[in-house]
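Shown next, in structure tokens, is the structure this report addresses.
The values are calculated or read from the model by the stated rules, or taken from the named source; none is laboratory data. Predicted model, so just to flag it, every value in this text is computed and none were measured. Positions of Cβ are generated from backbone atoms using ideal geometry, with glycine treated the same way; all protein chains shown enter the neighbour counts. Please note that ligands, DNA and RNA were not included when accessible areas were found on the heavy atoms of the full protein model with its side chains. Shrake-Rupley method; radii C 1.70, N 1.55, O 1.52, S 1.80 Å.
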Amino acid sequence: VVVLALAALTVAGSVSVVTRTTNAQAAVGPLAAAVEDEGADCAVSGLPDLGSLPTNAKLPDPFKKLNGATITTRSDWRCRRAEIRELAEKFVFGDKPAKPATVTGTVSNSTVTVNVAHNGRSSSFSARVELPSGTGPFPAVVVVGGFGADTATIKAAGAAVISYDPLAVGREGTPRNNKQGAFYSIYGSSSSTGLLAAWGWGVSRIIDVIEQSDGRILKADAMGVTGCSRYGKGAFAIGVFDQRIALTMPIESGSAGVPIFRGIPGEGAQSLSSAYGEQPWLGDAFGSFTGSPNRLPVDTHEMVAMVAPRGLFIMDNPHIANLGPRSASVAALGGAEVYKALGAGDNITYWSDVQDGSHCANRSEWRTPLQNNIRKFLLRTGNEPGVIRISSKALGRLADWRDWPTPVLADGPTTPPPTTPPPTTPPPTTPPPT
Ligand code: MCU
């Protein structure tokens, strides 16, 4: 077992930077953003074209901007992240559209309903809610799909469970040119957006509805997401693409989830062509890369980084090579470099040191870290540091995969305050001549 205490590797004092910039009363302030995409105003230019992508056997440098310059301050991360988002949408997941023109719905003790209308089309879906004991409003964890998540521990920790059926939003089993579900009813069955981004769009609309509710049952600013296997791929993409999500917890996600696309040779992970072909999980554009991942200008360590500085708890299974757990550990270690550079190294946990070899098992090893993560990022009653705990059976080496250093980023808020336009001063009123 390899246990790396990220706190020890982090620049001294950086943890308190995160807590101090937020809420001095709470153990951890709200690290999640108030909006789905808080880099939406960044002017991203210089996105490469498919035809001109260089080959790079190493993981792309998360700190290097499209213009070739390396970021130097923590606040530079905001718009660098926006570049990564654009790359991830263009070449991997497909476009995840912003909030549609109309989103309405209801929140009750048992259900969240969502109605969406956009460009003359509409669709609806709903999700079951189970509240923990006690008095609300409650934080909530969206459980994607019906298995593999420890819902008993989530509720015992004090968070509600929102059972989300992603297949209502993006169905499996359809050809790429005839995608179905609430997302595709709005954006068209020939949309090139893959199911994972569509599933993310659905969860973002659930959060919209909770945000618009009176806030007496569920708290929109204390949302988590989890799911196992294909729904672990979903949980990961959902957290990557909505910065309102405070805690992202993919379980045993496999190819098209956390593992680096470049992939550790010989590991035995599900191949990219298999994952791309099995279901339209990834966007159609990814089809160009299944045989040449070294041409991808982005890899999953940067999706890990897109979650920073928010809570991320990656659970993996070292006993099933098909899940690519070594390749997943490299993604986590690579993304953790961004967490560290932002002074948030304590906010990521990667845990593959587990006994039971079966896929999506209920595991006692994850109960305490799950509880700790919920307390820290959703209830904000705890501040247990994250831990990188990689099974020696499935350890990848980041050093083999990077040719870039981790810069020391100058202090500055990781999330700068929204820029308010300068106040328009009314013309001075001259008293009428007497
Ligand atoms: C690990 O997730 C997937 C895997 O990618 C698929 O190839 C397989 O069919 O299903 C796995 C899964 O979702 O299992 C529940």
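Hey, what did the range 242-314 get for relative contact order, percent, Cα under 8 Å, at least 6 apart? Spell out each step's value before the answer.
Working: 61 pairs, mean separation 35.5, N = 73.
About 49 percent, as a whole number.
Which residues' amide hydrogens lie under 5 Å from the amide hydrogen of T73, considering only partners 5 or more residues apart or on another chain, with H built in the peptide plane?
HN-HN under 5 Å from T73: A410.
With +1 on the Cβ of every Lys and Arg and -1 on the Cβ of every Asp and Glu, and nothing else charged, how large is the dipole of the range 207-255 about its Cα centre, in debye rounded to the nearest 20? Don't skip to the answer; put the middle values down first.
Working: 5 positive and 6 negative charges, 32 e Å.
I would put it at about 160 debye.
Might you tell me the accessible area per residue for the chain, computed with a 1.4 Å probe and given in Å²?
On a per-residue basis, the chain sits at 39 Å².
On a 18 Å Cα-Cα criterion, which of the cross-link pairs K233/K340; K65/K90; K65/K96 come out too long?
Values: K233/K340 24 Å; K65/K90 16 Å; K65/K96 22 Å.
Pairs exceeding 18 Å: K233/K340; K65/K96.
Ranked from the most accessible area to the least, with a 1.4 Å probe and all protein chains present, what is the order of C360, C228, C79?
Values: C360 25, C228 0, C79 55 Å².
I get C79, C360, C228, largest accessible area first.
With a 1.4 Å probe and all protein chains left in place, how much of the accessible area of the range 156-268 comes from carbon and sulfur atoms, in whole percent? Don't jump to the answer; show the numbers that get you there.
Working: 1190 of 2680 Å².
Roughly 45 percent, rounded to a whole number.
Carbon and sulfur: what percent of the range 43-116's accessible surface (1.4 Å probe)? Show your work: numbers first, answer last.
Working: 1640 of 3240 Å².
Reported share for carbon and sulfur atoms: 51 percent.
Heavy atoms only, 1.4 Å probe, whole protein assembly: order V141, V35 by accessible area, highest first.
Largest accessible area first, the list is V35, V141.
Keeping all protein chains in place and using 1.4 angstrom, which order do D61, D165 fall into by accessible surface area, from largest down? Before the final figure, lay out the partial values.
Values: D61 30, D165 80 Å².
Largest to smallest exposure gives the sequence D165, D61.
Heavy-atom accessible area of Y231 with all protein chains present, probe 1.4 Å, nearest 10 Å²?
20 Å²
Positive end of the charge dipole of the chain (Lys, Arg +1 and Asp, Glu -1 on Cβ, about the Cα centre): tell me which of Q212, P48, S253 has its Cα farthest that way.
Q212
Calculate the length of the line joining the C-alpha centroid of the range 356-390 to that of the range 81-133, in whole Å.
Their Cα centres are 26 Å away from one another.
Which of rounded, prolate or oblate describes the range 40-81 when judged by the alpha-carbon gyration tensor and an a/c cut-off of 1.5?
oblate
Which far-off residues, 5 or more places away or on another chain, put their amide H under 5 Å from the one on K219, with H placed in the peptide plane?
F138, A140
Given only helices, namely DSSP H runs of n ≥ 4 each adding -39500 (n - 2.57), what is the per-residue ellipticity at 222 nm of the chain, to the nearest 500 deg cm²/dmol?
Numbers: 11 runs with 105 residues, N = 434.
After summing the helix terms and dividing by residue count, I get -7000 deg cm²/dmol.
With a ≥ b ≥ c the root eigenvalues of the C-alpha gyration tensor of the range 136-214, is it rounded (a/c under 1.5), prolate (a/b larger than b/c) or oblate? Intermediate values should be presented prior to the final figure.
Values: a/c = 4.02, a/b = 1.81, b/c = 2.22.
Oblate, because a/c is 1.5 or more while a/b does not exceed b/c.
With +1 on each Lys and Arg Cβ and -1 on each Asp and Glu Cβ, and nothing else charged, work out how big the dipole of the range 45-94 is about its Cα centre, in Debye to the nearest 20.
Numbers: 9 positive and 6 negative charges, 47 e Å.
In total the dipole reaches around 220 debye.
What accessible area, in Å² to the nearest ten, does a 1.4 Å probe give for L87?
Answer for L87: close to 0 Å² accessible.
Just the number, please: carbon plus sulfur as a percent of the accessible area of the range 321-385, 1.4 Å probe, no ligands or DNA/RNA counted.
On the way: 820 of 1960 Å².
Looking at the range 321-385 in its full context, I get 42 percent from C and S.
With a cut-off of 8 Å between alpha carbons and a minimum separation of six or more residues, what is the relative contact order of the range 229-374 in percent?
On the way: 248 pairs, mean separation 39.8, N = 146.
Across the range 229-374, relative contact order equals 27 percent.
Tell me, what ³J(HN,Hα) does each residue in the range 90-107 have, in order and in whole Hz, if you take phi through Karplus 6.51 cos²θ - 1.76 cosθ + 1.60 with θ = phi - 60° and put x for Gly and Pro?
So the Karplus estimates, Gly and Pro as x, are 5, 10, 10, 9, x, 6, 9, x, 5, 3, x, 4, 10, 10, 10, x, 9, 10 Hz.
How much of R262 can a 1.4 Å solvent probe reach, expressed as accessible area in Å² and rounded to 10?
About 20 Å², ignoring ligands and nucleic acids.
Where the only charges are on Cβ atoms (+1 Lys, Arg; -1 Asp, Glu), what is the dipole of the range 148-293 about its Cα centre, to the nearest 20 debye? Walk me through the numbers on the way to the answer.
Numbers: 11 positive and 12 negative charges, 21 e Å.
It works out to roughly 100 debye.
Need one word for the chain: rounded, prolate or oblate. Basis is the Cα gyration tensor (sqrt eigenvalues a ≥ b ≥ c); a/c below 1.5 gives rounded, then a/b vs b/c decides. Mind showing how you got there, number by number?
Numbers: a/c = 1.22, a/b = 1.16, b/c = 1.05.
Rounded, since a/c falls under 1.5.
With the dipole of the range 218-282 worked out from charges on the C-beta (+1 for Lys and Arg, -1 for Asp and Glu) around the Cα centre, which of L282, G263, V225 lies farthest toward the positive end?
Result: V225.
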